[in-house]
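The values are calculated or read from the model by the stated rules, or taken from the named source; none is laboratory data. These numbers were taken from a predicted model, which means no experiment stands behind them. Virtual Cβ from ideal backbone geometry, glycine too; neighbours counted across all protein chains shown. Areas reflect the complete protein model, heavy atoms only, side chains present, ligands, DNA and RNA absent. Shrake-Rupley method; radii C 1.70, N 1.55, O 1.52, S 1.80 Å.
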Amino acid sequence: MNKIVEIKNLVKTYGSKEFETKALKAIDLDIYENDFIAIMGPSGSGKTTLLNMLSTLDKPTQGSILIDGVDITKINNKDLSKLRKEKIGFIFQDYNLLDNMSLEDNIALPLSLDGVDKKQIIAKTVKIAAMFGLTEHLKKYPYQLSGGQKQRGASARALITDPKIIFADEPTGALDSKSSRDLLESLESANQRNQATILMVTHDAFSASYAKQVYMLRDGAITARLNAGRDRSEFYDRILKLLASMGSGSE
Amino acid sequence: MSLFPLSFSNFKRSLKNYVSLIASLSFTIFILFNFQNIVFSDALDQLRYMQKSYINIVVQSVSVVLIFFMFFFVWYATNVFLNQRKKEIGIYTFMGLDNSKIGRMYLLESLFTGLFALMIGLFTGIIFSKLFMMILLAISDIRANISFQISLNPILITAAVFLAIYLLMMLKGYLNIVRSSVLDMLSASRKNELRKECGWVTAFKVVIGLVILLSGYFVALRTGSLSSMGYALLATVLVIIGVYLLYDGFIPFILQKLTANKAFLYQKQRNLWVNNLAFRMKKNYRTYAIVTILLTSSVTVLATSLAMKNRYDGVANFRETYTYQVMSFSKMDQAELTRRVEKDNKIKYQSSMMISVLKSNRVDTQFSESGYSIISYSQIKAAAKAANQTFDYPKLEENEVIELDHQYIMSFASDFTGTQKMKMDGQTYEITAVSKTPYLGSLQENMETYIVSDETYQRLKPTMQTLYLENIRIKNPQNFAASKDDLDPLMTAELDPENSQSIQYVAVDPSNPDISWIRIMYSITVFLFLVFLFASVSVIFMKLYNDAFDDKERYTILKKIGIPKKTLRQSIAKEIRFAYFCPFVLMVISSYFSVHALANVMKTNLIQINIYSTLAIGIICFIFYHISVNSFIKNIA
Ligand SMILES: Nc1ncnc2c1ncn2[C@@H]1O[C@H](COP(=O)(O)OP(=O)(O)OP(=O)(O)O)[C@@H](O)[C@H]1O
Ligand SMILES: [Mg+2]
């Protein structure tokens with residue numbers, strides 16, 4: 001299998017010398033095509049920081065990140081936005097749908113701004129909306145949608161460009177268990193049917209149990225890794241046990 | 001907790017956010033001050049003593065217009081910023097401040113802002129006052145020495161008027177804050193953005209708006225002479241309502257249709273900016289409508305004063321042709337007159353004429369005048385050549401005449417149309433043309449004269465009294481008074497038809513003080529036009545500036561999901577282009593019709609107003625568009 005993300009010796013420190021916070025301390029991580037990775041860890045452990053580095057929203061202090069063989073810490077802004085546009089999809093904790101357009105237009109946004117053929121965009125929007133169970137909500141504005149629908153909308157928007165890799169920061173953080181399950185199933189199907197690679201940050205053991213691997217982050221370093229087995233509930237139990245042993249418990 | 005330091009530090013910290021408020025307040029202060037400064041300076045004194053009443057009326061009405069303008073502009077600016085501030089201020093409620101405290105804080109912050117703006121406005125106003133006055137006088141074509149002197153009065157009046165208006169608005173904002181809930185404050189800037197209305201209400205607005213606007217244009221086209229002045233009024237009302245409904249109905253409707261048409265929407269950056277426009281239209285349509293109407297009206301006012309000035313120039317032209325016109329009922333010694341004038345002046349050109357005067361009972365025309373006179377074709381042709389006037393009428397037939405008319409300042413009588421006849425001594429003549437070229441100089445203003453063929457003239461001359469005319473134009477007409485004492489001794493007490501030796505003359509002052517107020521009015525209207533132009537455009541600017549704050553979040557999201565900055569910039573530019581150029585285009589169309597109607601009423605060609613105002617407004621819009629795009633991008637960065 002192809003290595004799609006390669007993180008080497010990634011360090012991120014915030015602040016100046018005296019008030020330094022080491023948010024990430026020498027992280028090494030390889031992500032392969034079609035992986036579904038969950039990153040867990042207590043609050044302040046550096047999860048969002050790691051994701052921000054990966055999604056190029058922030059620059060690391062040290063180390064390198066290779067996405068599809070390109071070191072994103074070294075390329076210029078133009079190439080960077082090209083890479084983000086073509087290969088990466090983002091799902092945020094707080095939906096981040098634009099309130100001034102319909103759900104349909106929100107989902108179509110990345111493609112429509114990219115000069116893709118309009119017929120193709122329309123077809124793709126319909127298809128991906130169906131995948132996320134949003135078909136009947138397409139004409140609504142975000143304020144007319146529930147939290148779960150918004151999150152699925154944001155996910156649909158992230159996936160419409162067929163990104164090679166999807167970064168998701170606590171996508172289920174604001175959802176109830178039913179909406180969480182809907183979203184996770186959609187992600188799972190994107191992973192299985194569309195061969196998308198997913199890196200998801202989560203607090204929640206149930207969400208993490210949808211992944212194929214779970215990494216534990218603590219004080220800016222990876223401290224443990226679990227691989228999924230055949231059965232999700234068994235994986236869920238193992239995750240809970242690991243969390244308990246780390247003394248943080250599940251939330 | 002003491003409010004003063006908190007408010008002051010707030011003010012300092014958010015000075016950047018206040019920039020556009022302070023800029024717009026300072027602008028109105030600048031304008032008002034400069035106008036007051038003109039009123040109190042001695043530049044207009046020399047004119048004022050000549051035509052005190054007219055100039056005072058003009059100056060006073062403009063002051064009233066400017067104060068009204070200041071009132072609404074300050075109202076608008078403070079309102080826009082109150083909404084923005086409310087959101088910010090609302091957060092203080094969570095810090096445990098109650099509404100009345102927050103209100104007082106708002107009062108203090110506004111006071112700092114207002115005083116700061118007043119300082120800037122007066123300071124820049126004083127610095128630019130001389131330049132400003134020079135420009136105004138140059139447009140008015142008035143020669144006056146302006147000294148750089150600042151008196152206290154304009155400063156005090158400007159400050160008083162501004163503070164009165166501003167304090168009133170502050171109070172309004174204070175009451176608004178005290179009476180609103182936290183939730184209101186936090187969501188203040190989001191209100192009205194989404195307002196769905198039933199389909200048939202929209203359809204009604206679309207249809208009615210278009211019908212009203214188009215019929216307004218149609219009525220404007222039908223406006224012809226003074227008798228159709230009612231039409232002009234009707235057209236104005238229809239166009240204003242039509243424009244308003246267009247922004248409330250037709251344009252949002254089109255935008256909605258565009259956002260629904262995905263094949264259109266999913267191209268270029270349209271998904272972003274067309275959606276944004278459609279989303280905002282419900283909130284912003286009043287601004288667009290007001291700006292469009294304001295621009296159209298200021299173009300129309302400008303056109304009115306140009307029409308007046310055209311007439312003024314026409315009248316002035318009559319006074320420019322000849323400096324001295326000497327009349328007698330017997331032939332005069334031209335050489336003697338020339339010699340006397342040349343003592344103090346150089347002669348540019350001169351001519352001699354014979355005019356035959358009829359008693360009015362021998363003439364029969366549409367209108368009745370006290371005296372009529374005739375002059376031969378070849379005499380006029382020769383004099384016109386000497387005076388360098390065009391005279392390209394074909395030789396007249398026996399029964400043809402050309403009427404010599406003059407320019408009126410205040411008359412809307414319709415011009416010569418089609419063939420008309422006149423009767424002299426029972427014989428009918430055809431009036432082939434009416435000329436407003438001052439072939440007879442200023443005398444043409446007081447005499448009803450017809451040019452007849454040489455043969456007709458020779459035939460009628462023996463039956464009439466002949467008035468001999470010596471016309472002299474000196475090189476420098478301003479110096480007309482110098483030769484008076486040389487000419488006066490030749491003159492008799494009055495021009496008496498019974499006494500063929502009687503001789504009289506007129507010496508023409510080219511500056512014509514009677515109507516020079518029109519020039520001032522003209523330049524003041526140009527000035528007002530520029531003020532309203534800037535005001536309208538800055539209203540759009542403020543609106544956009546305010547919108548940029550709302551959009552901050554949206555653009556953060558867009559950046560986060562990986563939309564390249566370039567795409568965002570292009571989308572912003574397109575959205576802002578619409579905000580400036582939609583009112584612009586509507587203004588160009590509407591003002592075409594209004595100026596056309598005005599030109600019909602005033603019997604003059606005003607198409608240049610359409611061209612120049614379009615250019616001027618286009619350029620200003622273009623400049624502001626660029627500033628807006630830059631500040632918008634800066635604000636969302
Ligand atoms: N911009 C910043 N400036 C300074 N310190 C920062 C900044 N962003 C994060 N940190 C610090 O870095 C550490 C890691 O933060 P991060 O946001 O990655 O945590 P997290 O694992 O996402 O936590 P949570 O689960 O609460 O979201 C924290 O100690 C945080 O205070
Ligand atoms: Mg986080």
(request) Considering only segment B:325-352, state which residues are in contact with a helix residue (DSSP H, G or I) (Cβ under 6 Å, 6 or more places away or on another chain) and exposed (fewer than 13 other Cβ atoms within 10 Å of the Cβ). (result) B:LYS343
(request) Look through A:GLY173, A:GLY148, A:GLY229 and report the one residue that is under 19 Å from the mean Cα position of the chain (by Cα), open to solvent by 10 Å² or more (accessible area, probe 1.4 Å) and over 12 Å from A:ILE39 (Cα atoms). (result) A:GLY173
(request) Only helices (runs of 4 or more DSSP H) wholly contained in segment A:31-123 count here; list those with 3 or more residues that are more than 16 Å from ligand 2 (Cβ to nearest atom). (result) A:77-87, A:103-112
(request) Output the residue which, of all residues in segment A:183-226 that are more than 16 Å from ligand 2 (Cβ to nearest atom) and aromatic (Phe, Trp, Tyr), is surrounded by the most Cβ atoms within 10 Å (Cβ to Cβ). (result) A:TYR210
(message) For the condition open to solvent by 20 Å² or more (accessible area, probe 1.4 Å), under 30 Å from B:ILE572 (Cβ atoms) and either touching a strand residue (DSSP E or B) at 6+ places or on another chain (Cβ under 7 Å) or touching a residue at least 12 places away in the same chain (Cβ under 8 Å) (or both), what is the one hit in B:ILE636, B:ILE620?
(response) B:ILE620
(message) Conditions first: (1) without any contact (Cβ under 8 Å) to a residue 12 or more places away in the chain; (2) open to solvent by less than 20 Å² (accessible area, probe 1.4 Å); (3) among the polar types (S, T, N, Q). A:ASN52 passes all but one, so which condition is the exception?
(response) (2)
(message) Against the conditions (1) without any contact (Cβ under 8 Å) to a residue 12 or more places away in the chain; (2) surrounded by fewer than 21 Cβ atoms within 10 Å (Cβ to Cβ); (3) within 8 Å of chain B (Cβ to nearest Cβ); (4) not hydrophobic (A, V, I, L, M, F, W, C), where does A:TYR143 fall short? Just the number, please.
(response) (1)
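Counting only residues that are over 36 Å from the mean Cα position of the chain (by Cα), in the same structural domain as B:MET491 (by TED's automatic domain parsing) and not aromatic (Phe, Trp, Tyr), give me the helices (runs of 4 or more DSSP H) lying completely in segment B:245-349 with at least 1 of them.
On the way: elements: B:251-260, B:262-265, B:270-321, B:334-341.
In segment B:245-349, B:334-341 are the helices (runs of 4 or more DSSP H) which contain 1 or more residues that are over 36 Å from the mean Cα position of the chain (by Cα), in the same structural domain as B:MET491 (by TED's automatic domain parsing) and not aromatic (Phe, Trp, Tyr).
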(request) Considering each residue of segment B:399-433, count those that are outside any strand (DSSP E or B) and modelled with pLDDT under 85, and give that number. (result) 17
(message) If I ask for residues that are within 20 Å of B:ILE165 (Cα to Cα) and either of a type in the set (Phe, Trp, Tyr) or open to solvent by 60 Å² or more (accessible area, probe 1.4 Å) (or both), which ones from segment B:121-138 would you list?
(response) B:PHE123
(request) Enumerate the pairs (first residue in segment B:62-83 and touching a residue at least 40 places away in the same chain (Cβ under 8 Å); second residue anywhere and among the small types (Gly, Ala, Ser)) with beta-carbon separation below 7 Å, excluding pairs fewer than 6 apart on the same chain, so at least 6 apart or on different chains. (result) B:PHE69/B:ALA535; B:PHE73/B:SER24; B:PHE73/B:ALA535; B:ALA77/B:SER24; B:THR78/B:GLY173; B:LEU82/B:GLY173; B:ASN83/B:ALA188; B:ASN83/B:SER189
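Filter segment A:153-174 down to the residues that are within 16 Å of ligand 2 (Cβ to nearest atom) and more than 23 Å from A:THR49 (Cβ to Cβ) and list them by number. Walk me through it before giving the result.
Step one: filter segment A:153-174 for residues within 16 Å of ligand 2 (Cβ to nearest atom), giving A:167-174.
Those that are within 16 Å of ligand 2 (Cβ to nearest atom) and more than 23 Å from A:THR49 (Cβ to Cβ): none in segment A:153-174.
Let's see how each residue does on (1) over 27 Å from B:LEU221 (Cβ atoms); (2) open to solvent by 20 Å² or more (accessible area, probe 1.4 Å):
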site: B:ASN261; (1), (2): yes, yes
site: B:PHE264; (1), (2): yes, yes
site: B:ASN271; (1), (2): yes, no
site: B:ARG280; (1), (2): yes, no
site: B:THR292; (1), (2): no, no
site: B:ALA303; (1), (2): no, no
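Quick one: how many residues across segment B:14-56 are part of a helix (DSSP H, G or I) and modelled with pLDDT of 70 or more?
In the first step, residues of segment B:14-56 are kept if they are part of a helix (DSSP H, G or I); the result is B:15-40, B:45-48, B:52-56.
In the following step, the residues that additionally are modelled with pLDDT of 70 or more were identified as B:15, B:18-40.
Count: 24.
Quick grid of which residues meet (1) crowded, with 22+ Cβ neighbours inside 10 Å; (2) within 14 Å of chain A (Cβ to nearest Cβ):
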{"position": "B:VAL211", "(1), (2)": "no, no"}
{"position": "B:TYR217", "(1), (2)": "no, no"}
{"position": "B:ILE240", "(1), (2)": "no, no"}
{"position": "B:LEU258", "(1), (2)": "no, yes"}
{"position": "B:LEU277", "(1), (2)": "yes, yes"}
{"position": "B:SER297", "(1), (2)": "no, no"}
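Under 27 Å from A:VAL11 (Cα atoms) and over 13 Å from the mean Cα position of the chain (by Cα), is that true of A:MET216?
Answer is yes for this residue.
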(message) Looking at the structure I just gave you, is B:PHE11 within 26 Å of B:LEU118 (Cβ to Cβ) and at pLDDT 80 or above?
(response) no
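Can you name the residue in segment A:151-170 that is within 16 Å of ligand 1 (Cβ to nearest atom) and surrounded by fewer than 24 Cβ atoms within 10 Å (Cβ to Cβ) and is also nearest to the other protein chains (Cβ to nearest Cβ) among such residues? Show your work before the answer.
Here is the first cut: in segment A:151-170, the residues within 16 Å of ligand 1 (Cβ to nearest atom) are A:167-170.
Those left that are additionally surrounded by fewer than 24 Cβ atoms within 10 Å (Cβ to Cβ): A:169-170.
Values: A:ASP169: 10, A:GLU170: 14 Å.
In this case the residue turns out to be A:ASP169.
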(request) Determine which member of the set A:THR56, A:THR49, A:THR73 is among the β-branched types (Val, Ile, Thr) and within 15 Å of ligand 1 (Cβ to nearest atom). (result) A:THR49
(request) Being modelled with pLDDT of 80 or more and facing chain B (nearest Cβ under 8 Å) is the filter here, so list the residues in segment A:57-81 that pass it. (result) none
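Out of curiosity, is A:LEU111 more than 12 Å from the chain's Cα centre (by Cα), within 24 Å of B:VAL274 (Cα to Cα) and either open to solvent by less than 30 Å² (accessible area, probe 1.4 Å) or among the hydroxyl-bearing types (Ser, Thr, Tyr) (or both)?
yes
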(message) Anything in segment A:14-42 that is under 18 Å from A:ALA211 (Cβ atoms) and of a type in the set (Ser, Thr, Tyr)? List them, or say none.
(response) A:TYR32
